[in-house]
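Scroll down for the structure; my scribbles are underneath it.
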């Protein structure tokens, strides 16, 4: 009996699931068909598209953009530490200012900009009442 050769490519939806980019394979396939996944800067059309080591995958899931370079082909959906060995994260990091802790999120709002939050409105109400 011959030993099977190492796989050199894998279905896109399966790889996204193995790498823990998507919570389920169905969600991975849906993201591909909705146009939220690009492979080598080209929109992926089918979940069955094959990816290989060296491909760059751009995903727009969960209100974040991630750029991942395929480092290995997965064999199972293991723990997160194992999943991180399947890719190299090329996502550009937001610059932090020395006086700020975390960088702004996707839909972040700087304090004092735009409409007041519910918490801000409560403080305004307290000031008006004189509490």
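Below are the figures for this structure:
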| quantity | calculated |
| --- | --- |
| Selection count, the stretch 22-39, where residues are part of a helix (DSSP H, G or I) and either within 18 Å of residue 50 (Cβ to Cβ) or within 11 Å of the chain's Cα centre (by Cα) (or both) | 6 |
| Residue 51, sole failed condition from (1) within 28 Å of residue 93 (Cβ to Cβ); (2) touching a residue at least 24 places away in the same chain (Cβ under 8 Å); (3) in a loop (DSSP other than H, G, I, E, B) | (3) |
| Test: residue in the stretch 58-78 that is assigned to a loop (DSSP other than H, G, I, E, B), loosely packed, with under 13 Cβ neighbours inside 10 Å and in contact with a strand residue (DSSP E or B) (Cβ under 7 Å, 6 or more places away or on another chain) | no |
| Scan of the stretch 113-131 for residues that are in a helix (DSSP H, G or I) and either surrounded by 10 or more Cβ atoms within 10 Å (Cβ to Cβ) or more than 33 Å from the chain's Cα centre (by Cα) (or both), ordered by number | 120, 121, 122, 123, 124, 125, 126, 127, 128, 129 |
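Read-outs throughout are calculated quantities, based only on the coordinates presented, and are distinct from any laboratory measurement. As the structure is a computational prediction, the values presented were derived from the model and not from experiment. Cβ sites come from the backbone with ideal geometry, for glycine too, and all protein chains shown count toward neighbours.
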